[in-house]
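K.L.:
Take a look at the following structure, please.
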Amino acid sequence: MFNVKTVEIEWGGKTLKLETGRVARQADGAVLATYGETVVLCAVTAAKSVKDGQDFFPLTVHYQEKFSAAGRIPGGFFKRERGATEKETLVSRLIDRPVRPLFPEGFYNEINVIAQVLSFDGESEPDIVAMIAASAALTISGVPFMGPIGAARIGYKDGEYQLNPSLDEVKTGELDLVVAATDTAVMMVESEAKELSEEVMLGAVMFAHAESRKVIDAIIKLAEKAAKDPWEVNLGEGNAELKKKLKDLIGKDIAAAYKLTDKSARSNALNAARDKAKAYFAEQGLDAQTVMAGIKLTKKLEAEIVRTAILKEGKRIDGRTTTQIRPIEAMVGFLPRTHGSALFTRGETQSICTTTLGTKDAEQMIDGLTGLSYESFMLHYNFPPYSVGEVGRFGAPGRREVGHGKLAWRALHPVLPAKEDFPYTIRVLSDITESNGSSSMATVCGGSLSMMDAGVPLKRPVSGIAMGLILEGDDFTVLSDILGDEDHLGDMDFKVAGTSEGITTMQMDIKVAGITKEIFEAALAQAKEGRAHILGEMSKALGETRTELSAHAPRIETIQIDKSKIREVIGTGGKVIREIVAETGAKVDIDDEGIIKISSSDVNQIEAAKKWILGIVEEAEVGKIYNGKVVNLVDFGAFVNFMGGKDGLVHVSEIRNERVEKVSDVLSEGQEVKVKVLEIDPRGKVRLSMRVVDQETGEELEDTRPAREPREPRGDRGDRGDRGPRRDGGGRGDRGPRRDGGGRGGDRGDRGPRRERSGGDDDGPAPEFAPAFLKRDDD
């Protein structure tokens, strides 16, 4: 029934298995990729014809993580997978970026690539498996895909590269790098690094490329067993005559337009040339398909003119040299009420970046295959249509905005302070207000400045730059700080960000069949020079992190208490901690390790909550004087709260030196008093005194009351003195029967006065904590 074909290789310490023919057989290509116990199904379907008016390649990639893959049920009300999460969007882009350039120009059939995680072993990210499955499915589908590609994740620790490191190894390592490549060249790079050198980063890319070739060989073997017949496609060649007419008609206009350094003026001139070409098409009565081909040829003509000028003459669109950076202007404190802000402008690209500091409860909760996790650093990137002078959709972020925001996040994340040193939740917001290339790198620079303005103690400032490439045969030119048009018309978009000490992120997308090691080295070296220049310009605005937080930012103070005291701070049902929050106005968070974070924009509120908590966990000291509050009055004294959650008893005899007939005559609930700790018994009960403390100044007074004679110690309970032995198992002797049912409170009969059971001094006082009805009249 099933015509199953499989290929297996040992790769990175695990078995990689590619299988087709068992699942999703109606798709044009479907591959079940298994690595360890992680399984990803990727199915490819392609439209057999081109839609009328289609003038671009409609490739759509969807990546989805099934919660069942990790044995989990989705959270929320609906309990099912819904719209794409941020991670799913990023992995979809990760698959799309290296495969898109490998389709021939002019191929406009719609293609769907759907990758679904069916099983997840919790050891390694499934994105690499999904990329491999997508490459294999495209290769065997028959569509004109000039692959296959391989992919690999590389870590770096203790001077050694790691192939497909585990999740834990990525967290503790210095590098998280993903590479996709064909057999001959690298196609895509995505990374986050802890300030690594250019040599280490280049070595990681080359190591990944070598390992990717093993995967490519496996995919080719699978294709030899199961690939479908390749499609016959008509790519619309043979328009040489039309191209020549266009060049004669508008070639000079395009060349003149690209000599204009102002983006708006250049755009207007180019639009005029394009309108001239469209008018020519209308005069000639060309059919819709030919007109579409003519529009494409117009864009090709623009590319040729720009690329030739750069390669042959070294002249760029805005007149700069290939290594020159556009003018930079940076300022901080741009917005008065934000916690930190910066305005970063580079040429015609501009970003307003703000930093907001929050407490732990502002962390982002992420529900994924690995379970619930919390992220304390967020970076959000917005690209409104007015930034490029256009009318368009404005609202929720698209895939591009999510991707650019994550790139900037990777650039800044490695330089953040440890959570123990700076316990804030941080959100950086980048609003692009002008764009002409490198807006994501403007976000990196502006984000770094805004965090420094907010007082976030970054290890070092971070700058970023976008590099471009013009490649014709063996001739190439690397461009620093590319414009939007140089990005569109060039062959590479290579973004590098880092500090003065090394690279923190590197992203590369290639539009041709890959670049060589030589080009890669040249681009990295040129990018290093550019980053250094930008850091110098940023330092003119703010050289180092501010030492004080904004007056509008919350303050957070962290204290550590013994784990055994957590229950006392929280109280029954959270009563104590809620009272602290309500009374002081500060926010209090406590974790299972006894780490307490107290936050408020008012320092006095923090101090009040801190004092309260320390009072709860502090151990009372005998002889020490404390401020307290009367919380309860009883006949024999008053209970005073004197250490947050601790109460002690001030016996009626310790309120004043003179006799107090009624406690309520001299004290009231809620009254502030000063008390001295006299004694703490083995059960933790505390005996307090007010009479030896000056209630005005809090100073200790001399005790003028005569000292009491010490009580004789209790003897052996078996020694009953001269009472004589009990008769018949406890007979009552000559004491006579009890009256009134034997109640002790009734007539005492002929028993005579009660003696102290301890055999002590009959004139001594009753025990301090004795209830009122047990106290003697003379007490």
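The values are calculated or read from the model by the stated rules, or taken from the named source; none is laboratory data. All of these numbers come straight from a predicted model, not from anything done at the bench. Here Cβ is always computed from backbone atoms with ideal geometry, including for glycine, and neighbour counts include all displayed protein chains. The accessibility values were calculated without ligands, DNA or RNA, using every heavy atom of the protein model including side chains. Shrake-Rupley method; radii C 1.70, N 1.55, O 1.52, S 1.80 Å.
K.L.:
Just checking: which of the strands (runs of 3 or more DSSP E) contained wholly in the range 501-605 hold 2 or more residues that are without any contact (Cβ under 8 Å) to a residue 60 or more places away in the chain?
P.N.:
Numbers: elements: 503-510, 555-560, 587-590, 595-600.
The strands (runs of 3 or more DSSP E) meeting that bar are 555-560, 587-590, 595-600.
K.L.:
So which residues in the range 618-629 are open to solvent by 30 Å² or more (accessible area, probe 1.4 Å) and of a type outside the set (Gly, Ala, Ser)?
P.N.:
Glu618, Glu619, Glu621, Val622, Lys624, Ile625, Asn627, Lys629
K.L.:
How many residues does the range 328-349 hold that are out of contact with any Lys or Arg (no Cβ under 8 Å at 6 or more places or on another chain) and in a loop (DSSP other than H, G, I, E, B)?
P.N.:
7
K.L.:
For the range 419-433, how many residues meet the condition of being at pLDDT 95 or above and either open to solvent by 20 Å² or more (accessible area, probe 1.4 Å) or in a helix (DSSP H, G or I) (or both)?
P.N.:
Final tally of qualifying residues: 4.
K.L.:
From the list Leu407, Leu372, which residue is among the aliphatic types (A, V, I, L, M) and not in a strand (DSSP E or B)? Even if it seems obvious, please write down each step before you answer.
P.N.:
Working: Leu372 fails: not in a strand (DSSP E or B).
Within the list Leu407, Leu372, the selection yields Leu407.
K.L.:
Regarding Ser440, is this residue surrounded by 19 or more Cβ atoms within 10 Å (Cβ to Cβ), of a type in the set (Ser, Thr, Tyr) and in contact (Cβ under 8 Å) with a residue 60 or more places away in the chain?
P.N.:
The answer is no for Ser440.
K.L.:
OK, next. Of the residues in the range 100-127, how many are modelled with pLDDT of 95 or more, over 20 Å from Phe67 (Cβ atoms) and open to solvent by less than 30 Å² (accessible area, probe 1.4 Å)?
P.N.:
Total satisfying the criteria: 2.
K.L.:
Further question: Give, as residue ranges, the strands (runs of 3 or more DSSP E) completely inside the range 132-227 that count at least 1 residues that are within 23 Å of Val44 (Cα to Cα). Spell out how you get there, then give the answer.
P.N.:
Working: elements: 150-157, 160-163, 175-181, 186-193.
Filter on the range 132-227 gives 150-157, 175-181, 186-193.
K.L.:
Of all residues in the range 476-519, how many are among the aromatic types (Phe, Trp, Tyr) and buried (at least 22 other Cβ atoms within 10 Å of the Cβ)? Reasoning before the result, please.
P.N.:
Of the residues in the range 476-519, the ones among the aromatic types (Phe, Trp, Tyr) are 476, 494.
From what is left, the residues that are buried (at least 22 other Cβ atoms within 10 Å of the Cβ) are 494.
Here the count works out to 1.
K.L.:
On to the next question. Considering each residue of the range 632-647, count those that are modelled with pLDDT under 90 and either out of contact with any helix residue (DSSP H, G or I) (no Cβ under 8 Å at 6 or more places or on another chain) or not in a loop (DSSP other than H, G, I, E, B) (or both), and give that number.
P.N.:
5
K.L.:
For the range 1-17, name all the residues that are surrounded by 13 or more Cβ atoms within 10 Å (Cβ to Cβ) and under 18 Å from Pro165 (Cα atoms).
P.N.:
Ile9, Trp11, Gly12, Lys14, Leu16
K.L.:
Something else now. Scan Thr38, Thr85, Thr60, Thr20 and give me the residue that is touching a strand residue (DSSP E or B) at 6+ places or on another chain (Cβ under 8 Å), among the hydroxyl-bearing types (Ser, Thr, Tyr), open to solvent by 50 Å² or more (accessible area, probe 1.4 Å) and touching a residue at least 40 places away in the same chain (Cβ under 8 Å). Spell out how you get there, then give the answer.
P.N.:
Numbers: Thr38 fails: open to solvent by 50 Å² or more (accessible area, probe 1.4 Å); Thr60 fails: open to solvent by 50 Å² or more (accessible area, probe 1.4 Å); Thr20 fails: open to solvent by 50 Å² or more (accessible area, probe 1.4 Å).
Of the residues listed, the single one that is touching a strand residue (DSSP E or B) at 6+ places or on another chain (Cβ under 8 Å), among the hydroxyl-bearing types (Ser, Thr, Tyr), open to solvent by 50 Å² or more (accessible area, probe 1.4 Å) and touching a residue at least 40 places away in the same chain (Cβ under 8 Å) is Thr85.
K.L.:
Considering Thr6, Thr45, Thr15, Thr34, which residue is over 30 Å from the mean Cα position of the chain (by Cα) and under 15 Å from Leu222 (Cα atoms)? Steps first, answer last, please.
P.N.:
Values: Thr45 fails: under 15 Å from Leu222 (Cα atoms); Thr15 fails: under 15 Å from Leu222 (Cα atoms); Thr34 fails: over 30 Å from the mean Cα position of the chain (by Cα).
On inspection, the qualifying residue turns out to be Thr6.
K.L.:
I would also like to ask the following. Would you check if there is a residue in the range 520-537 being surrounded by 15 or more Cβ atoms within 10 Å (Cβ to Cβ), closer than 29 Å to Arg337 by Cα and under 27 Å from the mean Cα position of the chain (by Cα)?
P.N.:
Keep residues of the range 520-537 that are surrounded by 15 or more Cβ atoms within 10 Å (Cβ to Cβ), which gives 520, 522-524, 526-528, 530-531, 533-535, 537.
Still in the running and closer than 29 Å to Arg337 by Cα: 534-535, 537.
Checking the rest, the ones that are also under 27 Å from the mean Cα position of the chain (by Cα) come to 534-535.
Checking the range 520-537: at least one residue is surrounded by 15 or more Cβ atoms within 10 Å (Cβ to Cβ), closer than 29 Å to Arg337 by Cα and under 27 Å from the mean Cα position of the chain (by Cα).
K.L.:
Could I ask something else about it? Of all the residues that make up the range 543-580, how many are under 29 Å from the mean Cα position of the chain (by Cα) and hydroxyl-bearing (Ser, Thr, Tyr)?
P.N.:
Qualifying residue count for the region: 4.
K.L.:
Can you tell me which residues in the range 182-198 are modelled with pLDDT of 95 or more and either surrounded by fewer than 17 Cβ atoms within 10 Å (Cβ to Cβ) or over 27 Å from the mean Cα position of the chain (by Cα) (or both)?
P.N.:
Ser197
K.L.:
Looking at this structure, is Val673 open to solvent by 30 Å² or more (accessible area, probe 1.4 Å), at negative phi and either in a loop (DSSP other than H, G, I, E, B) or not acidic (Asp, Glu) (or both)? Can you show your working first?
P.N.:
Numbers: open to solvent by 30 Å² or more (accessible area, probe 1.4 Å): no; at negative phi: yes; either in a loop (DSSP other than H, G, I, E, B) or not acidic (Asp, Glu) (or both): yes.
Judged against the criteria, Val673 is not a match.
K.L.:
I would also like to ask the following. Please enumerate the residues belonging to the range 140-162 that are buried (at least 24 other Cβ atoms within 10 Å of the Cβ) and polar (S, T, N, Q).
P.N.:
Within the range 140-162, Ser141 is the sole residue that qualifies.
Each row is one residue, and each column tells you yes or no for (1) in a helix (DSSP H, G or I); (2) under 17 Å from Lys263 (Cβ atoms); (3) open to solvent by 30 Å² or more (accessible area, probe 1.4 Å); (4) in contact with a helix residue (DSSP H, G or I) (Cβ under 6 Å, 6 or more places away or on another chain).
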site: Met292; (1), (2), (3), (4): yes, no, no, no
site: Thr298; (1), (2), (3), (4): yes, no, no, yes
site: Glu304; (1), (2), (3), (4): yes, no, yes, no
site: Thr308; (1), (2), (3), (4): yes, no, yes, no
site: Arg326; (1), (2), (3), (4): no, yes, no, no
site: Asp361; (1), (2), (3), (4): yes, no, yes, no
site: Met378; (1), (2), (3), (4): no, no, no, no
site: Tyr386; (1), (2), (3), (4): yes, yes, yes, no
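K.L.:
In the range 363-376, which residues are farther than 24 Å from Ala454 by Cβ, open to solvent by 50 Å² or more (accessible area, probe 1.4 Å) and polar (S, T, N, Q)?
P.N.:
Within the range 363-376, Thr370 is the sole residue that qualifies.
K.L.:
Something else now. Please find, among Ser539, Ser550, the residue that is modelled with pLDDT of 95 or more and of a type outside the set (Val, Ile, Thr). Let's see the steps before the verdict.
P.N.:
On the way: Ser550 fails: modelled with pLDDT of 95 or more.
Result of the check over Ser539, Ser550: Ser539.
K.L.:
Shifting gears a bit: Restricting the search to the range 495-512, which residues are of a type in the set (D, E, K, R), under 29 Å from Gly147 (Cβ atoms) and in contact with an Asp or Glu (Cβ under 8 Å, 6 or more places away or on another chain)? Give the derivation first.
P.N.:
Looking only at the range 495-512, we keep the residues that are of a type in the set (D, E, K, R), and these are 495, 501, 509, 511.
Filter again for under 29 Å from Gly147 (Cβ atoms), leaving 495, 509, 511.
Asp509, Lys511, listed by residue number.
K.L.:
Is at least one residue of the range 254-266 in contact with a helix residue (DSSP H, G or I) (Cβ under 6 Å, 6 or more places away or on another chain), open to solvent by less than 50 Å² (accessible area, probe 1.4 Å) and among the basic types (Lys, Arg)? Outline the logic, then answer.
P.N.:
Residues of the range 254-266 that are in contact with a helix residue (DSSP H, G or I) (Cβ under 6 Å, 6 or more places away or on another chain), as a first pass: 254-255, 257-258, 260, 266.
Among the residues that remain, those that are also open to solvent by less than 50 Å² (accessible area, probe 1.4 Å) are: 254-255, 257-258, 266.
If we keep only those that are among the basic types (Lys, Arg) as well, we get 266.
Yes, the range 254-266 has at least one match.
K.L.:
Scan the range 647-662 residue by residue and report those that are open to solvent by 70 Å² or more (accessible area, probe 1.4 Å) and in contact (Cβ under 8 Å) with a residue 40 or more places away in the chain. Reasoning before the result, please.
P.N.:
Residues of the range 647-662 open to solvent by 70 Å² or more (accessible area, probe 1.4 Å): 647, 656-659, 661-662.
Hit for the range 647-662 is Asn657, nothing else.
K.L.:
Is it the case that Met131 is surrounded by 18 or more Cβ atoms within 10 Å (Cβ to Cβ) and out of contact with any Ser or Thr (no Cβ under 8 Å at 6 or more places or on another chain)? Steps first, answer last, please.
P.N.:
Values: surrounded by 18 or more Cβ atoms within 10 Å (Cβ to Cβ): yes; out of contact with any Ser or Thr (no Cβ under 8 Å at 6 or more places or on another chain): yes.
So Met131 fits the description; yes.
K.L.:
From the list Pro461, Pro397, which one is open to solvent by 20 Å² or more (accessible area, probe 1.4 Å), modelled with pLDDT of 95 or more and not in a strand (DSSP E or B)? Walk me through it before giving the result.
P.N.:
Working: Pro397 fails: modelled with pLDDT of 95 or more.
Result of the check over Pro461, Pro397: Pro461.
K.L.:
Working only within the range 62-83, note down all residues that are among the hydroxyl-bearing types (Ser, Thr, Tyr) and more than 24 Å from the chain's Cα centre (by Cα).
P.N.:
Step one: list which residues in the range 62-83 are among the hydroxyl-bearing types (Ser, Thr, Tyr), which gives 63, 68.
Of everything in the range 62-83, just one residue is among the hydroxyl-bearing types (Ser, Thr, Tyr) and more than 24 Å from the chain's Cα centre (by Cα), namely Ser68.
K.L.:
Would you point out which residue out of Ala582, Ala609 is modelled with pLDDT of 90 or more and either of a type in the set (S, T, N, Q) or touching a Ser or Thr at 6+ places or on another chain (Cβ under 6 Å) (or both)? Can you show your working first?
P.N.:
On the way: Ala582 fails: either of a type in the set (S, T, N, Q) or touching a Ser or Thr at 6+ places or on another chain (Cβ under 6 Å) (or both).
Going through Ala582, Ala609 in turn, just one is modelled with pLDDT of 90 or more and either of a type in the set (S, T, N, Q) or touching a Ser or Thr at 6+ places or on another chain (Cβ under 6 Å) (or both): Ala609.
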